[in-house]
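One structure below.
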Amino acid sequence: MVSISEFTSKLRNRELTAVEAVSVYLTAIEKSSLNTFITPTPLLALAAAKEMDAKLARGESVGALAGVPLAVKDIIVTRGIRSTGASRILDTYVPPYDATVVERLLAEGAIILGKTNCDEFAMGASGENSGYGPTRNPWDVSCVPGGSSSGSAAAVAAGECLVALGTDTGGSVRQPAAFCGVVGLKPTYGRVSRWGLMAMTSSFDQAGPLTRSVEDAARMLKVMAGHDERDSTSSREPVPDYVAELQGEVQGLRLGVPKEFFADGLEPDIRQAVETAITKLKELGVTIVEVSLPSMPYALAAYYVICPAEVSANLARYDGIRFGSRQEATTLYDLYAKTRGALLGAEVRRRIMLGTYVLSSGYYEAYYRKAQQARRAIRQDFARVFEQVDALVAPTTPTAAFALGSKADDPLAMYLADVYTVPVNIAGLPALSVPCGFTKQGLPIGLQLMGPAWSEARLLRIAHHYEQATPWHERLPVRQAGQPGL
Ligand code: GLN
């Protein structure tokens, strides 16, 4: 297993060239049967690797992520590289600019291997809502990898990239990270610029890293975070040195265990793994206290009102005129209906309709306003517990990866996959998922840490100490036959 620091030091010592490294990953992508990438970019990646090798040969300074092979979720725009958001309506869209997060990673020397598959416009929890076919879980190809950042999580787990970018609106970085046995971090709202993210739920969306280790997540966040003039919701809060802060103490920290996250419906294997993880954390010197977040039962319902409401506004631009491919029609109404009917998937259309409904006069008070009241109550719950504890520890998901197709026709069952991840998005708080074991069937389990605003350094530190004291990150999915690896 290679970490960013091992990788970049090999490159600097010339034990490995960027071209060699990138070629290994490109071969893995080519041989993959997981459908992780919508648009691999082998020629661009090799050209960037050549340039990196030339720079190193000339002894020029290279960035903190020199040569690091990166996969980018297709909902994040990339200059000159097709960016579909996994929607057929954007099948031919080639953006003229890079998202800020991409720009920052490229400036530090990262090399893009391609654009990863995801649920259409990030709506989903399994990867099955993609307009480009479902992604498969590298631990068991009959299972989903989670979603919506399905391709990014599966690619990291399968060794098809070193690190990846995802976005998390209600769990889309943490949930697939848990299902694929990798680390996934969702930053505080405003920590990372949203410029260049195709907006889903603008008041929840944040980009986050998916990596093999906590240290790599810290290295990625350090580059991604910080104020951006182009996103007025990005914060001026100073960016700490997340990597240096991994080394601090965890002894004496107070961790809360919210009892609402251990309700009925939590798979026994997951409950057991998380309880064992809590015991491990105690051994590392943290104090565990039981806490309660009484508004939690409203979180999922509030999410599925606010999210569709914002989706209905944000997706209005994909009408075949301003953005997107167009179907032939003779009247304006037909043009909208045919274009959106043919080129947007069922889940996306469902949310647009639901969102339009909850915002319409007569229903606004009953649904949208109520959901915003629940949002305030949830924020207050978190604020209250963070007066008593430094962070919260809980499962990331109620179940491990489920079988492909098993929830595809049941939207409500699918929505339940996010029951433990949406609360922090509603409150705008940071959280991460770190591997904490396996089910009896050998599927990965994720441990979730949640904290107050701007506490990423603390969450990463706790997760790093936990990771170093446990063997979970060492296990890799069986490589597909013939697949090379670094
Ligand atoms: N699964 C959730 C949804 O469908 C969350 C998606 C996300 O975080 N982008 O909305």
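For the residues Tyr420, Tyr466, what sequence is obtained by ranking on other C-beta atoms within 10 Å, fewest first?
Exposure proxy ranking, most exposed first: Tyr466, Tyr420.
Looking at the stretch 1-53, which trypsin sites (Lys or Arg not before Pro) are in a loop (DSSP not H, G, I, E or B) and have at most 15 other Cβ atoms within 10 Å?
Arg14
Determine the dipole magnitude for the stretch 1-123: charges of +1 sit on the beta-carbon of Lys and Arg, -1 on that of Asp and Glu, nothing else is charged, the reference point is the Cα centre, and the result goes in debye to the nearest 20.
Roughly 160 debye, rounded to the nearest 20.
I want to verify the translational diffusion coefficient of the stretch 366-420 in µm²/s; compute it with Stokes-Einstein, Rh as the Kirkwood radius over Cα pairs, at 20 °C and 1.002 mPa s.
152
How long are the three semi-axes of the equivalent ellipsoid for the stretch 207-250, computed from the Cα gyration tensor as the root of 5 times each eigenvalue, in whole Å, largest first?
Equivalent ellipsoid of the stretch 207-250: 22, 13, 7 Å, largest first.
Name the residue from Ser235, Met123, Gly362 whose Cα lies farthest towards the positive end of the charge dipole of the chain, charges +1 on Cβ of Lys and Arg and -1 on Cβ of Asp and Glu.
So the residue furthest toward the plus end is Gly362.
Between the stretch 63-127 and the stretch 402-421, how many Å separate their Cα centres?
25
Rounded to two decimals, what ratio of Rg to Rh does the stretch 16-172 give with C-alpha atoms and a Kirkwood Rh?
0.98
Towards the positive end of the charge dipole of the chain, with charges on Cβ (+1 Lys, Arg; -1 Asp, Glu), say which of Ser433, Val156, Ala342 has the farthest Cα.
Ala342
Considering the Cα positions of the stretch 272-411, please state its Rg to one decimal place and its Dmax as a whole number of Å.
Values for the stretch 272-411 (Cα only, Rg and Dmax): 21.3, 70 Å.
Quick check on the exposure proxy: order Ser9, Ser361, Ser126, Ser3 from fewest to most C-beta atoms within 10 angstrom.
Listed from fewest to most nearby Cβ atoms, that is Ser361, Ser9, Ser3, Ser126.
Kindly identify the stretch 219-303 as rounded, prolate or oblate by the Cα gyration tensor criterion: order the square roots of the eigenvalues as a ≥ b ≥ c, call it rounded if a/c is under 1.5, otherwise compare a/b with b/c, prolate if a/b is larger, else oblate.
In terms of gyration-tensor shape, oblate.
Using the Kirkwood radius over Cα pairs, work out the Stokes-Einstein diffusion coefficient for the stretch 329-426 at 25 °C and 0.890 mPa s, in µm²/s as a whole number.
Value of D from the Cα-based Kirkwood radius: 143 µm²/s.
Given the -39500 (n - 2.57) contribution per DSSP H run of 4+ residues, what per-residue ellipticity at 222 nm results for the chain, rounded to the nearest 500 deg cm²/dmol?
That comes out to -11000 deg cm²/dmol.
Using only Cα atoms, figure out Rg for the stretch 52-134 and give it as a multiple of 2.2 N^0.38 Å.
1.27
Excluding same-chain residues fewer than 8 positions from Lys55, which lysines have a Cα within less than 22 Å of its Cα?
Qualifying lysines at Cα under 22 Å: Lys10.
Averaged across orientations, what area in nm² does the convex hull of the alpha carbons in the chain project?
Reported value for the Cα convex hull: 21.9 nm².
Report Rg(Cα)/(2.2 N^0.38 Å) for the stretch 23-79, keeping two decimals.
Its radius of gyration relative to the 2.2 N^0.38 Å reference: 1.29.
Of the trypsin sites (Lys or Arg not before Pro) in the stretch 155-259, which ones lie in a loop per DSSP and count no more than 16 other C-beta atoms within 10 Å?
Listed in order of number, the matching sites are Arg230, Arg236.
For the chain, give me the percentage of DSSP beta bridges that are antiparallel, rounded to the nearest 5 percent.
Percentage antiparallel, nearest 5: 65.
So if I take the centroid of the Cα atoms in the stretch 451-481 and the same for the stretch 327-389, what is the distance between those two points in Å?
Each part reduced to its Cα centre gives a spacing of 34 Å.
Cross-link list Lys222/Lys407; Lys115/Lys280; Lys280/Lys407; Lys73/Lys222; Lys50/Lys73; Lys73/Lys280: which exceed 28 angstrom alpha carbon to alpha carbon?
Among Lys222/Lys407; Lys115/Lys280; Lys280/Lys407; Lys73/Lys222; Lys50/Lys73; Lys73/Lys280, the Cα-Cα distance tops 28 Å for Lys222/Lys407; Lys115/Lys280; Lys280/Lys407; Lys73/Lys280.
Run the numbers on the chain and let me know its relative contact order in percent, using alpha-carbon pairs under 8 Å that are six or more apart.
Once divided by the residue count of the chain, the mean separation gives 18 percent.
What do you get for trypsin sites (Lys or Arg not before Pro) in the stretch 277-339 restricted to DSSP loop and a cutoff of at most 15 other Cβ within 10 Å of the site's Cβ?
Passing both the DSSP loop test and the Cβ count: Arg322, Arg326.
If the cut-off is 24 Å between C-alpha atoms, which lysines fall inside it for Lys282, apart from same-chain ones fewer than 8 positions away?
Lys259
If you bin the C-alpha pair distances of the stretch 55-96 every 5 Å from 0, what whole percents do you get?
6, 20, 20, 13, 11, 12, 10, 5, 2, 0
With the cut-off at 12 Å, report for the stretch 429-474 the share of all Cα pairs above it, as a whole percent.
Roughly 60 percent, once rounded to a whole number.
From the square roots a ≥ b ≥ c of the eigenvalues of the alpha-carbon gyration tensor of the stretch 147-188, which class results: rounded (a/c under 1.5), prolate (a/b over b/c), or oblate?
prolate
So what's the projected area for the stretch 137-280, the Cα convex hull averaged over all directions, in nm²?
Orientation-averaged projected area of the Cα hull: 10.4 nm².
Read the figures in this text as sums done on the coordinates, not as results from a lab. The model shown is predicted, which means the values in this text are computed figures rather than measured ones. Cβ: placed from backbone, ideal geometry, glycine included. Neighbour counts: every protein chain shown.
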